[in-house]
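To keep things clear, I will list the structure first and then write my remarks on it.
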Amino acid sequence: MSNVQVAVVTGSNKGIGLAIVRALCKQFPGDVYLTSRDPGRGQAAVAQLQQEGLRPLFHQLDIDDLQSIRALRDFLKEKYGGLNVLVNNAGIAFKVQDTTPFAVQAEVTLKTNFFGTRNVCTELLPLVKPYGRVVNVSSMVSCSALRGCSQELQQKFRSDTITEDELVQLMAKFVEDTKKGVHEKEGWPNTAYGVSKIGVTVLSRIQARLLNEHRKGDHVLLNACCPGWVRTDMAGPKATKSPEEGAETPVYLALLPSSADAPHGQFVSDKTVKAW
Ligand code: NAP
């Protein structure tokens, strides 16, 4: 088993994830894994970074596929005895003009952005070593979507005692409510992406609390963040930040020095903690 440090970035064959891998290859003192659900797209991205003189490693990872997540988990356990940095970046968004029925958009979006990210956390967080750093890429849209929720839902999502099971049930209820056509009546905002990112932000708050309760002495720091509005296939060419600029806050959180004890359990944008 190697003593080399290791960082993993999900969904990193393009966009912000690729820019995070590029920055980590330059700044992280260890092995950096570019991961992709499609090995062809992943290897092409690795080759692109190699052309720039960088040396990322590759592992397949589809966050929708539990077997794929567990294969990565077993690989990391076997080769490195754990994990030092995990950036949960993989995500999807339907385009505004997409005519797919809203209930389908809700199910598909929640499946990857919330349930997939949660499955990665369930499998990989136990592997995170002392002084490890976990970054969950959420979005400012989680904040606006939260404000669009009923008072009752807002209270639940801001609660300091909400459990992971309760959050999972709420996310599943959103999907069910969209299928019944009652999501607005039930207090949800009209955005599947926004609700999925509420899930990511609240999940991060819960996981940070659990780390405090069970692994306080390990100094692991876990945060959610927004990369900003970034020119990628997801956000389009009009967005204000380059992928490299979008990577800045996630990379800052991934490389918080071992002397740092904050931020932890926060929502961070432009390297600044924002109120939830
Ligand atoms: P992007 O260019 O569309 O890239 C998304 C990445 O996620 C791709 O590599 C994609 O792989 C991967 N992915 C999707 N589903 C996956 C799955 N099931 N398993 C593994 N990988 C999967 O989007 P981006 O703008 O870089 O977004 C990155 C993250 O930032 C997302 O979480 C997004 O919600 C968040 N974000 C973006 C913005 C923005 O303005 N761009 C703003 C706020 C937050 P494929 O190539 O195989 O599809």
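The values are calculated or read from the model by the stated rules, or taken from the named source; none is laboratory data. This structure is a prediction, so every number in the text was calculated from the model and none was measured. We place every Cβ from the backbone using ideal geometry, glycine too, and count neighbours over all the protein chains shown.
For the reader, a short list of remarks on this structure follows.
- Verdict on SER259 being over 22 Å from GLU152 (Cα atoms), within 11 Å of the ligand (Cβ to nearest atom) and among the hydroxyl-bearing types (Ser, Thr, Tyr): no
- Residue check for VAL21: surrounded by 18 or more Cβ atoms within 10 Å (Cβ to Cβ), under 29 Å from VAL141 (Cα atoms), away from the ligand (no atom under 15 Å from the Cβ) and under 20 Å from the mean Cα position of the chain (by Cα): no
- Filter pass, VAL46 being surrounded by 17 or more Cβ atoms within 10 Å (Cβ to Cβ), away from the ligand (no atom under 16 Å from the Cβ) and of a type outside the set (Gly, Ala, Ser): no
- When the criteria are applied in full, LEU34 meets the requirement of being more than 7 Å from the ligand (Cβ to nearest atom) and within 19 Å of GLY91 (Cα to Cα).
- Test for LEU211: is it hydrophobic (A, V, I, L, M, F, W, C), at pLDDT 95 or above and closer than 27 Å to SER259 by Cβ: yes
- Among (1) buried (at least 24 other Cβ atoms within 10 Å of the Cβ); (2) under 15 Å from the mean Cα position of the chain (by Cα) - the single one TRP188 does not satisfy: (2)
- Wholly within region 159-254, helices (runs of 4 or more DSSP H) carrying at least 3 residues that are within 16 Å of the ligand (Cβ to nearest atom): 192-214, 243-254
- So TYR131, is it surrounded by fewer than 20 Cβ atoms within 10 Å (Cβ to Cβ) and among the hydroxyl-bearing types (Ser, Thr, Tyr): yes
- Pairs with Cβ under 8 Å, 6+ apart, first in region 1-27 and closer than 21 Å to VAL120 by Cβ and part of a helix (DSSP H, G or I), second of a type in the set (Gly, Ala, Ser) and more than 15 Å from the ligand (Cβ to nearest atom): LEU24/ALA7
Rundown of residues vs (1) surrounded by fewer than 18 Cβ atoms within 10 Å (Cβ to Cβ); (2) farther than 20 Å from VAL128 by Cβ; (3) in contact with an Asp or Glu (Cβ under 9 Å, 6 or more places away or on another chain), yes/no style:
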{"residue": "THR201", "(1), (2), (3)": "no, no, no"}
{"residue": "LEU221", "(1), (2), (3)": "no, no, yes"}
{"residue": "VAL230", "(1), (2), (3)": "no, yes, yes"}
{"residue": "ALA235", "(1), (2), (3)": "no, yes, no"}
